[in-house]
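Taking it in order: structure first as structure tokens, then the write-up.
The values are calculated or read from the model by the stated rules, or taken from the named source; none is laboratory data. What you see is a predicted model; the values in this text were computed from it and never measured. Cβ coordinates were reconstructed from backbone atoms using ideal geometry, including for glycine residues, and neighbour counts include every protein chain displayed.
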Amino acid sequence: MRLSPDQFWTYFEWLFVHSALLYGFLLVLVLAVLGFLIGFVVALLKHGPAEGFLQVSKLIGELFVVDIPGTSIRRVGAIARLAVKEAIRKKVLVVVAVFVIAIMFAGWYLDQQAQFPARLYISFVLTFTNYMVLVLGLFLSCFSLPSDIKSKIIYTIVTKPVRPTELFLGRVLGFTAVGTLVLLLLGSMSYLFVVRGVIHEHEAIEISADGVSGKTSRQQFHSHEFVLDETGNGITNETKGHKHVVSKVGDKIVVGPSIGDLEARVPIYGMMRFTGRDGQVANDGLNVGYMSEYHKYIEGDSLCSAIWTFKNVTRDSFSEGGLTYDMTISAFRTYKGDIVTPVGGEVRFRSIDGSAVTEPFPFKVKEFQVDQRSIPFTGLKGSLNEQPADLDFFKDIAKNGEFEVVIRCQDRNQYLGMAAGDLYFRAEPQAFWWNFIKGYISIWLQMVIVICFGVMFSTFLSGPVAIIATLSVIVLGFFGFFVDDIIKNADSDVGPVASLIRIPLQSGSGTQLDLGNIPLERAIRVVDKGILICVQTLSKAIPNLNELHTADFVAYGVNLFGGLLSRHLTVCAGYFLMTGIISYFFLKTREMAA
Amino acid sequence: MATTTASTNPSVSVTDPTNVIVETRNLGKIYRDFWGRKKVNALKSLDIEVRRGEIFGLLGPNGSGKSTTIKLMLGLLFPTSGRAFVFGKDATDVAKNERIGYLPEESYLYKFLNAEETLDFYGRLFDMPASVRRERTEQLIQMVGLQRARRRQLKEYSKGMTRRIGLAQALINEPEFLVLDEPTTGLDPIGTREMKDLILRLREQGKTILLCSHQLADVQDVCDRVAILHQGELKELGRVDSLLKVQDVTQIHAKGLDEKTKLEIKELIARSTGEMLRMDNPTTTMEELFLDIVRESEQRPGRRGSGA
């Protein structure tokens, strides 16, 4: 699981510092102007310029002056209740039965010998639930209104004092209520499936003669080894992503429940910067030539360093055990050297003003695994105002909760690679069940967005066409980043038209388009550029469902940050508002009996 | 059971503008295809008024523009030309629907609901509180005689029962103005009679009714005024009794005349010893009138030169 720096912005950082609010306003403005222009052109063709302008202005005025204030909660509730009854009486809950069957036979197709069974089970249930609920939302929302229009039932609705706002709200709330009910049922069953699938017990066997070490019995395709300390307590080694507490009770050695597989670590992330070989602030780390630019590197035995700045880190966030932090640093070797010994590095903790610095804590890189470390709160060796001192972490270093962590590579001509998410502090973990619920809240938000788009499309398209349109939103929502990547990397010689021409010419995309006609080539480039800009704009206008897909957080045992969830909630509210306004204008201007 | 007879409503002043419930001014509708090309001119410059307290009939053969007129009045369609006003408000104004009841030609209702749920749902759409909804639901179920079927889903209803629940939903808000599109379609003779009695009772309660029907006898029985449409044009508009009167024929009803008098009736009326009971014009039937208008309209397009 890779986290990007934007994922650990706080909600207010995202909203104000990173200008989400400003972009939101701009988007609203652009959509409003675009909507007005399109409406005006249509009205112009029908009524002429003056009357057309009046009609469009009246329509907009009615939304704010008449229809929003006149919206009745009882009418919205009536339409929502109807949607729920319709869904239930048309046997929507069969989805739950399908899910039950799927997880009943999950053992047949899930790898029970997987290295991290909890991760596999959680990913499976969350992903499966996610797709099922999205498909449910898709069908519920796209067919209802067109079906009412086709069967003319809409005649008896819109001839009552029902406003377009109520039609949209009622349907969205109704379908959301049905989806929520289904999600609750699926979520409860998923939780039981995961917990029952993961929880297991071992017995201590093969105990050594001195009674302080041994092995556990084999359960669920694994066993552990353990060593007890002088107090008779210990922890097993980690296998399949978990450990067990082992303790001596009387003459008997008892193996406790598993720990570490169903957890919600609370990482505290910081912002990262680099210094170069000269020790000065650099724009970025070094690139060692990999295609992937996720990790940036620092050179060993030089002034290169990676510096994280942490904020709002307080003593309350940690247990008595000390300041725990995790690292997932990678190494890049320019010479093989001693291949058995990992590349070494060091960590220092220092105050923002640099007055207090700890002595370096050396480490050896543990590739492809989480290196879990901790330091005590007090008695840290270091210097205070350039004088040797025993430091108190929260008193001397993390003043006001702010401090820096500096990592350097110790080995000459070797490199350490890292990204912002590769060093974080582990606060007191949250309950797994709450993280699980937050994962389902993410699914719920995706479902609401799909329902909003489904209802919006159904206000002006027939059922099957609305399905295709909403499905396109879902597909682009999940795979829109491909479009982004294509557009970012595409130059005008490999645009859609140029590519089409290259096929019969058997011309590779790496070469310049050569048709022997420069004006034609220029024209193709202009058209391609235009198409790419259109596609890019379109990809921005649709929701990034991939960003809302947070199953990895739950599966990898990382607490889903409140800030991230709040952002998703805000994005969902934004799409709700946007689709609501578009639906309003379509419903208001649509002839229901045409 | 009340006897089905049409009667005029003398309490209503036809000159008072506040008594006009529906008014159409030069109302026209052209249906166009996807590309904006003209498909059919469904309604041409319709000017009619429906006055408070009357039963107004809208007649015409299939495709004459009756349904289009109703849909324009209800805001289900937007006019191509002219305007329609209901209660003095534009027909597209949702607020007017507070005072309107509409029974469509087919009962377009949710088949998965039962009668109680249906009425409760439509009651909610009028923002009625729960106690009022319960009371109205009970009254209407009694009125349309669906007590025994109140908990059955509408998909199990016969056509007649569906019409009844359709009428009940149209009355849920105690509307001042009721639009009934083919209200007797699908009803048996007894049901038809009950429906006509109900329409007359509603008129007596002060409601205004716009009735659109192919059942000419029904229209003749209950309507005060009618408008006859053909090919989207208004052909005739006036009071039913005036329209049905044969103006150029005199009809004499007499009794106690002797044979001689009978033989010389044409000369003797003035000096007859018999008692003159009635002297008026005979009336035709609505069906005859309707067919005459349609025949004439096909030969000579445009508005006929009569009316009340």
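Residue count for region A:293-334, restricted to those that are in a strand (DSSP E or B) and either farther than 12 Å from A:Ile268 by Cα or among the hydrophobic types (A, V, I, L, M, F, W, C) (or both): 16.
Residue check: A:Ser147 meets all listed conditions (1) surrounded by 21 or more Cβ atoms within 10 Å (Cβ to Cβ); (2) assigned to a helix (DSSP H, G or I); (3) within 14 Å of chain B (Cβ to nearest Cβ) but one, namely (1). Being part of a loop (DSSP other than H, G, I, E, B) and without any contact (Cβ under 8 Å) to a residue 24 or more places away in the chain is a condition met by no residue of region A:259-272. Taking the criterion of being assigned to a helix (DSSP H, G or I) and under 30 Å from B:Met73 (Cα atoms), the residues of region A:545-594 that qualify are A:Thr579, A:Gly580, A:Ile581, A:Ile582, A:Ser583, A:Tyr584, A:Phe585, A:Phe586, A:Leu587, A:Lys588, A:Thr589.
Being more than 8 Å from every other protein chain (Cβ to nearest Cβ) and under 16 Å from the mean Cα position of the chain (by Cα) holds for only one residue in B:Val132, B:Val144, B:Val50, and it is B:Val50. Only one residue in B:Val86, B:Val12, B:Val20 is surrounded by fewer than 21 Cβ atoms within 10 Å (Cβ to Cβ), under 20 Å from the mean Cα position of the chain (by Cα), more than 8 Å from chain A (Cβ to nearest Cβ) and modelled with pLDDT of 90 or more. Which one? So the residue among B:Val86, B:Val12, B:Val20 that is surrounded by fewer than 21 Cβ atoms within 10 Å (Cβ to Cβ), under 20 Å from the mean Cα position of the chain (by Cα), more than 8 Å from chain A (Cβ to nearest Cβ) and modelled with pLDDT of 90 or more is B:Val20. Can you find a residue in region A:173-180 that is modelled with pLDDT under 90 and surrounded by 16 or more Cβ atoms within 10 Å (Cβ to Cβ)? Taking every residue of region A:173-180 in turn, none turns out to be modelled with pLDDT under 90 and surrounded by 16 or more Cβ atoms within 10 Å (Cβ to Cβ).
Is it the case that region A:118-126 has a residue that's more than 14 Å from every other protein chain (Cβ to nearest Cβ) and β-branched (Val, Ile, Thr)? Yes - at least one qualifying residue is present in region A:118-126. Out of region B:144-193, which residues are touching a helix residue (DSSP H, G or I) at 6+ places or on another chain (Cβ under 9 Å), over 15 Å from B:Glu106 (Cβ atoms) and in a helix (DSSP H, G or I)? Those that are touching a helix residue (DSSP H, G or I) at 6+ places or on another chain (Cβ under 9 Å), over 15 Å from B:Glu106 (Cβ atoms) and in a helix (DSSP H, G or I): B:Val144, B:Gln147, B:Ala149, B:Glu156, B:Ala168, B:Gly191, B:Thr192.
Taking residues in region A:550-570 that are over 13 Å from A:Asp6 (Cα atoms) and modelled with pLDDT of 90 or more, and partners anywhere that are of a type in the set (Asp, Glu) and not in a helix (DSSP H, G or I), not one pair has Cβ atoms closer than 9 Å while being at least 6 places apart or on different chains. With respect to the conditions (1) without any contact (Cβ under 8 Å) to a residue 60 or more places away in the chain; (2) within 14 Å of chain B (Cβ to nearest Cβ); (3) not β-branched (Val, Ile, Thr), A:Glu206 lacks only one, and its number is (2). Would you please name the residue that is nearest to A:Ala555 (Cα to Cα), looking only at residues in region A:209-249 that are more than 42 Å from the chain's Cα centre (by Cα) and in contact (Cβ under 8 Å) with a residue 24 or more places away in the chain? Among residues in region A:209-249 that are more than 42 Å from the chain's Cα centre (by Cα) and in contact (Cβ under 8 Å) with a residue 24 or more places away in the chain, the one nearest to A:Ala555 (Cα to Cα) is A:Lys248. For the criterion of being at pLDDT below 90 and in contact with a strand residue (DSSP E or B) (Cβ under 8 Å, 6 or more places away or on another chain), A:Ala356 fails.
Here A:Gly61 fulfils each of the conditions (1) surrounded by fewer than 21 Cβ atoms within 10 Å (Cβ to Cβ); (2) touching a residue at least 40 places away in the same chain (Cβ under 8 Å); (3) of a type in the set (Gly, Ala, Ser) apart from (2).
For (1) among the aromatic types (Phe, Trp, Tyr); (2) within 10 Å of chain B (Cβ to nearest Cβ), each residue gets a yes or a no:
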position	(1), (2)
A:Val30	no, no
A:Leu44	no, no
A:Gly48	no, no
A:Phe53	yes, no
A:Gly61	no, no
A:Gly70	no, yes
A:Lys85	no, yes
A:Ile101	no, no
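With respect to A:Ser383, is the statement that it is among the small types (Gly, Ala, Ser) and out of contact with any helix residue (DSSP H, G or I) (no Cβ under 9 Å at 6 or more places or on another chain) true? Judged against the criteria, A:Ser383 is a match. Filtering A:Ala331, A:Ala282, A:Ala306 for residues that are small (Gly, Ala, Ser), under 21 Å from A:Trp9 (Cα atoms) and surrounded by 12 or more Cβ atoms within 10 Å (Cβ to Cβ) leaves a single hit, A:Ala306.
Could you tell me whether A:Ile468 is in the same structural domain as A:Leu565 (by TED's automatic domain parsing) and either of a type in the set (Gly, Ala, Ser) or touching a residue at least 12 places away in the same chain (Cβ under 8 Å) (or both)? Answer is no for this residue.
All of (1) among the β-branched types (Val, Ile, Thr); (2) under 25 Å from A:Glu547 (Cβ atoms); (3) free of Cβ contacts under 8 Å to residues at least 40 places away in the same chain hold for A:Thr10 with one exception: (3). The listed residues are A:Leu186, A:Leu173, and the only one of them that is in a helix (DSSP H, G or I) and closer than 16 Å to A:Ala80 by Cβ turns out to be A:Leu173. Can you find a residue in region B:55-78 that is within 9 Å of chain A (Cβ to nearest Cβ), β-branched (Val, Ile, Thr) and under 21 Å from the mean Cα position of the chain (by Cα)? Yes. The strands (runs of 3 or more DSSP E) located wholly in region B:19-85 that include 2 or more residues which are touching a residue at least 40 places away in the same chain (Cβ under 8 Å), in the same structural domain as B:Glu233 (by TED's automatic domain parsing) and within 19 Å of A:Thr159 (Cα to Cα) occupy B:20-32. Of the candidates A:Val198, A:Val212, A:Val255, A:Val246, the single residue that is buried (at least 16 other Cβ atoms within 10 Å of the Cβ), of a type in the set (A, V, I, L, M), more than 30 Å from A:Gly580 (Cβ to Cβ) and in contact with a His (Cβ under 6 Å, 6 or more places away or on another chain) is A:Val255. Among the conditions (1) surrounded by fewer than 23 Cβ atoms within 10 Å (Cβ to Cβ); (2) hydroxyl-bearing (Ser, Thr, Tyr); (3) under 30 Å from A:Ile79 (Cβ atoms), B:Tyr102 misses just one, which is (1). Scanning region A:150-170 for residues that are more than 26 Å from A:Leu93 (Cα to Cα) and either more than 11 Å from every other protein chain (Cβ to nearest Cβ) or outside any helix (DSSP H, G or I) (or both) gives A:Lys152, A:Thr159, A:Lys160, A:Pro161, A:Val162, A:Arg163.
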